[in-house]
Every structure is written in C-alpha cells, then in structure tokens.
Amino acid sequence: MADEHHHRLTERDGMEMGIRCPNCGTYTSFGDILATGACRGGWKGCRTGLRLDLVVVE
C-alpha cells in the first residue's frame, strides 16, 4: 500500500478550479486530479498522486 499523507487545504492553497501540488507547486485542475489521480507536473519529474475526497455533512 502506498504511503498516504493527508493535507488539509486552505483558501490560500486553492486557485480557480484547482490547486498547487504540495510537492512541486504545479497548478493542477480538479478535473485533472479526478481524471488521472496525479499531479500534472510530470514534465517536471513530479510523480505525486493526488486524490479528492468528498465529505458530506448533514
């Protein structure tokens, strides 16, 4: 099993419809994260896997 680290994002981490990778700083859209499960910064050598979890609070 891969080593998982959870990062709580703040408003500062977010950009319009995406985030910056916590490892390389490359902007990755939420759509790319959902589609590929990885940072878009592969061309920089970044191999960070990214995942979005939806938390529903009633």
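The values are calculated or read from the model by the stated rules, or taken from the named source; none is laboratory data. All values derive from a computational prediction rather than experimental measurement. Counting neighbours? That spans all protein chains shown, and the Cβs are built from the backbone with ideal geometry, glycine included. The protein model used for the area step is the full one, side chains on, heavy atoms only, and it has no ligands, DNA or RNA in it. Shrake-Rupley method; radii C 1.70, N 1.55, O 1.52, S 1.80 Å.
A few notes on this one:
- Cβ pairs under 6 Å, 6+ apart, first in the stretch 38-58 and at pLDDT below 90, second open to solvent by 100 Å² or more (accessible area, probe 1.4 Å): Cys46/Asn23; Thr48/Asn23
- Of the residues making up the stretch 11-24, at least one is surrounded by fewer than 13 Cβ atoms within 10 Å (Cβ to Cβ) and part of a strand (DSSP E or B).
- Among the residues making up the stretch 31-57, those that are assigned to a helix (DSSP H, G or I) and loosely packed, with under 14 Cβ neighbours inside 10 Å are Gly31, Leu34, Ala35, Thr36, Gly42, Trp43, Lys44.
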